[in-house]
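Data block below; observations after.
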Amino acid sequence: MFKRILIGACWLGLALAPQAQADCDGATPAQVKQAFAEGQRHEQAGRSAQAVNAYVQAQAYVCGGNPVIGDAVRRAAPLARTLAQAAERAGRLVGDDLGGAQPGAYQWYEAGGHYADADRALIQALRAKRDDIALFERAQRHFSERSLPAFVANNQPRLAVTGSYRFERALLDEVLAVPASNVATALEAEAKVLSEDYLRDYAAVLAARPANPRQDVAAALRAQQAHQQFLAKWRSDRIQESQAALHRARDWAVRAADRDQAEARVVQRAVQRGDLLLQKYAEAPELLEEAITYYQFANQEAKLAQARSRAGRLGDQAMQREHFDLAVSFYQLAGDDAKAEQANARAEEAAEKALAPMIEQQQRQAEQLRQQYSPEQVEALRAQAEEAQRRLQKTSAQQKQFQKETDDLEKELDLD
């Protein structure tokens, strides 16, 4: 394939340049003639798409002038229009680039030199999918190129066949307004999704958990059931949805004409969310962690330091109350690994201490059995103990199944 020059219709990977350049670096007459002949063969065989591809290649820049460009344009224009209209009827306004499996109406109109129709197809596609970043960027490039004074001059061979073209500045203005509009839409969605009611409910569920779950398995199970009821009520993780909306807003803010102002609005919202969680809900380590996430998103180092300092103080308070597991969580948020390890060691020690009376009682009962019963009776009791152990294992399996069902529900609700 001959070398292509990317001017005007660069998205096609084709050369639609004027037929004179100081630095001659184009196709040869033989190459464009070969492409034109290939187009004729495809057209005669009823392969319209392949014919248009070949005819467009035959329009490449040639040093000293392209001998077949006029014929190639006249052959491509009606075939491309027919293909474009079929794609429009099928609802495929923008598809694969030319040469791909399914070009859209936009690609075919562009290939045929029907530039006003290509503009129309592309802007309609963007209006239908305003949140599509790739489509926006394509439209931005397309209409920016259209606005160049050289566009009409560079495409005279095609416009001589398809008719005159007048660039509509309003289309470029409409495209350039999309990012700011999408920033506003994302922030509106974020404001609706995260409410104080949700945060209060979530904080209440977290506060109901035992401070040392390793010492109180029954209380931990009850807290797990309460959390499942919370998930069933709210059906989705509102904090996660809030953060996803902020990410969408920032993705569009960096593409906005007033980028600094748009980004500032997104950062302000993230800081507001972080401040709310830090000021009212920091007693729950999960919510304090979310405050840190908002501050990280907003690149607020001072706020991050403030949140981590708060986590360290809460960890110290939890240690004073001997809420060791809670202290571990806070110290981890504070980034204090040494204190987190110390708190974890105290938690393990406390758990062993809490279980010690139960273990001692079992040992005493075993000794009493050896003294009071014959070997046969001991064997029977051992069998009963083994049966009890099997039942305990079954209960443990049921608890694991309960946990699995909880996890499955969270996945179903997109809370994982």
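Some values worked out for this structure:
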| quantity | calculated |
| --- | --- |
| Residue under evaluation Q320, criteria (1) touching a residue at least 12 places away in the same chain (Cβ under 8 Å); (2) over 26 Å from the mean Cα position of the chain (by Cα), criterion not met | (1) |
| Residue check, A20 in contact with a Gly (Cβ under 9 Å, 6 or more places away or on another chain) and at pLDDT below 95 | yes |
| Pair list, Cβ under 6 Å, 6 or more apart: the stretch 140-161 residue within 11 Å of L172 (Cβ to Cβ), other residue of a type in the set (F, W, Y) | R146/F167; S147/F167 |
| Hits in the stretch 102-157 (condition: of a type in the set (K, R) and at positive phi) | none |
| Close pairs (6 angstrom Cβ cut-off, 6 or more residues apart or separate chains): farther than 19 Å from I133 by Cα in the stretch 179-197, assigned to a helix (DSSP H, G or I) and acidic (D, E) anywhere | V193/E241 |
| Criterion (assigned to a helix (DSSP H, G or I) and free of Cβ contacts under 8 Å to residues at least 12 places away in the same chain) met by exactly one of R308, R313, R346 | R313 |
| Candidates A80, A60, A86, filtered to the one that is crowded, with 20+ Cβ neighbours inside 10 Å, part of a helix (DSSP H, G or I) and not β-branched (V, I, T) | A80 |
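Let's see how each residue does on (1) under 18 Å from N154 (Cα atoms); (2) in a helix (DSSP H, G or I):
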position	(1), (2)
G70	yes, yes
G91	no, no
G100	no, no
Q107	no, yes
A116	yes, yes
A121	no, yes
Q124	no, yes
R127	no, yes
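The values are calculated or read from the model by the stated rules, or taken from the named source; none is laboratory data. What you see is a predicted model, and the numbers here were worked out from it, not measured in a lab. Because the Cβ atoms are built from the backbone with ideal geometry, glycine has one as well, and the counts that use them run over all protein chains shown.
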